[in-house]
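Trainee: Take this structure first; my questions come after.
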Amino acid sequence: MGFSTQCIHAGNEPEPTTGAVTVPIFQTSTYVQPELGRHKGFEYARTKNPTRDALEANLAALERGKRAHCFASGMSATDTVFRLLKSGDHVVAGENMYGGSYRLFSRVLEKFGLEFTYVDTSSLDAVRGAIRPSTRILFLETPTNPMMTITDLAACAEIAHQSNILVVVDNTFCSPYLQQPLELGADIVVHSTTKFINGHSDSVGGVVVSKSDEIADQIGFLQNAVGAILSPFDSWLVLRGVKTLAVRMKQHEENGRAMAQYLAGQSKVQKVNYPGLPDHPQHELAKRQMKGFGALMSFELGSYERAKAFLDRVRLCSLGESLGGVETLISHPVSMTHGSVPEETRRRLGITPGLVRISVGIEDVEDLIADLDQAFAAI
Ligand SMILES: Cc1ncc(COP(=O)(O)O)c(C=O)c1O
């Protein structure tokens, strides 16, 4: 089946009792067992729920994985993956990733004896150089948030697998429509389903998609043991949202390209970070690795004062954290998503007080540009 067909049909079997075309919300905590020692595949709803099962089957298919497990948030999905490790294990991670992932690693997981080295994963030499005998996971985010740097997933997987290191990719920025890391050699994909996968800014959730049954069994064990599951209602919302992933992503992509062109020609913008622009340092790699360039980009306005004046003036574009919704969201990484990243690191990466990030929605792009035009007029 093609990707669009899978978005709609994978995991979505008509309900057997009534033939209902949508998977019902199985709002139950437990299941009656017909006799001791016999049940219908469902014992307790932390372990398994039919609505969550349907979503997990859908997302496993879209990411080309063996199985998927859905979590209460993107962060709980990532956290569960790291519970595969034990004290003393070492992780190589990208130096520019979602600030919440950095906070989880540096302020929570390090306390339990995991060790982290952060490198520029767009440099294969830097990745190679950071690997130690105790390295167990290479954690990648591409494009990075918010600088939009691209990491070569196939090359990193080759390096990591020479030392039996698991490659974990946070694919939130792309969704499986734009990039399928398991096909490029990764072992595990995580998502904040809060973003493009659900797409409607009405649910917080996460997913872990595993390449093999062996990894999936371990994630399933941890999911049940730790318990940060996605609720039946949220599973249903995401299952509904993902049906339109392909059509939404096409429009996000078209609007993203138009917005990047507009920003690149705007005299008040000093620099635009978008992999679809020919001057992006990894434009060719992005073309090879992704099926499009997406709807996220960041741009430099030169100072906090100019960024504030601009952001205070936008109307149609909503000032807020998050991304990947049908509505355009605009944010200020330094004071919002990347507040937990040390100032020195932010400065080195280019996450300056004048940097603005935009997640372009699927509105008429002319309206979005008109909104930005009037906001630029204020600075
Ligand atoms: C790239 C990325 N990964 C993970 C997360 C965390 O997801 P959640 O907010 O669903 O916990 C986010 C949230 O913004 C994100 O942008």
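Trainee: Could you check His9 against (1) open to solvent by less than 50 Å² (accessible area, probe 1.4 Å); (2) modelled with pLDDT of 95 or more and say which number it fails?
Mentor: (1)
Trainee: Would you check if Gly113 is more than 16 Å from the ligand (Cβ to nearest atom), farther than 30 Å from Ser29 by Cα, of a type outside the set (S, T, N, Q) and open to solvent by less than 30 Å² (accessible area, probe 1.4 Å)?
Mentor: yes
Trainee: Gly325 - would you say it is touching a helix residue (DSSP H, G or I) at 6+ places or on another chain (Cβ under 9 Å), within 24 Å of Thr194 (Cβ to Cβ) and open to solvent by less than 30 Å² (accessible area, probe 1.4 Å)?
Mentor: no
Trainee: Still on this structure: If you take the residues of region 185-215 that are closer than 23 Å to Pro146 by Cβ and not in a loop (DSSP other than H, G, I, E, B), which of them is farthest from the ligand (Cβ to nearest atom)?
Mentor: Out of the qualifying residues, it is Val189.
Trainee: Still on this model: Scan region 16-23 and give yes if some residue there is in contact with a helix residue (DSSP H, G or I) (Cβ under 9 Å, 6 or more places away or on another chain) and either β-branched (Val, Ile, Thr) or without any contact (Cβ under 8 Å) to a residue 60 or more places away in the chain (or both), otherwise no.
Mentor: Taking every residue of region 16-23 in turn, at least one turns out to be in contact with a helix residue (DSSP H, G or I) (Cβ under 9 Å, 6 or more places away or on another chain) and either β-branched (Val, Ile, Thr) or without any contact (Cβ under 8 Å) to a residue 60 or more places away in the chain (or both).
Trainee: Restricting to region 141-156, give me the number of residues that are away from the ligand (no atom under 11 Å from the Cβ) and either acidic (Asp, Glu) or under 21 Å from Leu323 (Cβ atoms) (or both).
Mentor: Number satisfying all stated conditions: 7.
Trainee: Could you go through region 36-44 and let me know if any residue there is among the aliphatic types (A, V, I, L, M), over 17 Å from Gln218 (Cα atoms) and surrounded by 19 or more Cβ atoms within 10 Å (Cβ to Cβ).
Mentor: No.
Trainee: State which residue is farthest from the ligand (Cβ to nearest atom) when the search covers only region 91-100 and only residues that are of a type outside the set (Val, Ile, Thr) and at pLDDT 95 or above.
Mentor: The extreme case among them is Ala93.
Trainee: Give just the number: which of (1) buried (at least 18 other Cβ atoms within 10 Å of the Cβ); (2) over 22 Å from the mean Cα position of the chain (by Cα) does Phe299 not satisfy?
Mentor: Every condition holds for Phe299 apart from (2).
Trainee: Okay, next question. Give just the number: which of (1) within 16 Å of the ligand (Cβ to nearest atom); (2) among the aliphatic types (A, V, I, L, M); (3) surrounded by 24 or more Cβ atoms within 10 Å (Cβ to Cβ) does Leu182 not satisfy?
Mentor: (1)
Trainee: Identify the single condition in (1) open to solvent by less than 20 Å² (accessible area, probe 1.4 Å); (2) over 20 Å from Asp89 (Cβ atoms); (3) out of contact with any Ser or Thr (no Cβ under 9 Å at 6 or more places or on another chain); (4) more than 16 Å from the ligand (Cβ to nearest atom) that Ile159 does not satisfy, given that it satisfies every other one.
Mentor: Here Ile159 clears every test but (2).
Trainee: What number goes with the only condition from (1) open to solvent by 30 Å² or more (accessible area, probe 1.4 Å); (2) more than 16 Å from the ligand (Cβ to nearest atom) that Ala72 does not pass?
Mentor: Of the numbered conditions (1) open to solvent by 30 Å² or more (accessible area, probe 1.4 Å); (2) more than 16 Å from the ligand (Cβ to nearest atom), the odd one out for Ala72 is (2).
Trainee: Still on this model: Regarding Ile137, is this residue touching a residue at least 24 places away in the same chain (Cβ under 8 Å), over 25 Å from His252 (Cα atoms) and open to solvent by less than 50 Å² (accessible area, probe 1.4 Å)?
Mentor: Yes: the conditions hold for Ile137.
Trainee: Go through region 292-321 and give me each residue that's outside any loop (DSSP other than H, G, I, E, B), among the polar types (S, T, N, Q) and farther than 15 Å from Pro146 by Cα.
Mentor: Ser318
Trainee: Separate question: Write out, first by first residue and then by second, each pair whose Cβ atoms fall under 6 Å of each other, whose residues are 6+ apart or on separate chains, and whose first residue, in region 342-363, is open to solvent by less than 10 Å² (accessible area, probe 1.4 Å) while the second is among the polar types (S, T, N, Q).
Mentor: Gly354/Ser303; Leu355/Ser298; Arg357/Ser298; Arg357/Ser331; Val360/Asn255; Val360/Thr328; Gly361/Thr328
Trainee: Do you know which residues across region 267-291 are part of a helix (DSSP H, G or I) and open to solvent by 30 Å² or more (accessible area, probe 1.4 Å)?
Mentor: Glu284, Lys287, Arg288
Trainee: Quick check on this structure: which one of Leu166, Leu239, Leu245, Leu222 is open to solvent by 30 Å² or more (accessible area, probe 1.4 Å) and away from the ligand (no atom under 14 Å from the Cβ)?
Mentor: None of the other options fit; the residue is Leu166.
The values are calculated or read from the model by the stated rules, or taken from the named source; none is laboratory data. Nothing here was measured: the structure is a model prediction, and the numbers come from that model. Because the Cβ atoms are built from the backbone with ideal geometry, glycine has one as well, and the counts that use them run over all protein chains shown. Note: areas computed on protein heavy atoms with side chains; ligands, DNA, RNA excluded. Shrake-Rupley method; radii C 1.70, N 1.55, O 1.52, S 1.80 Å.
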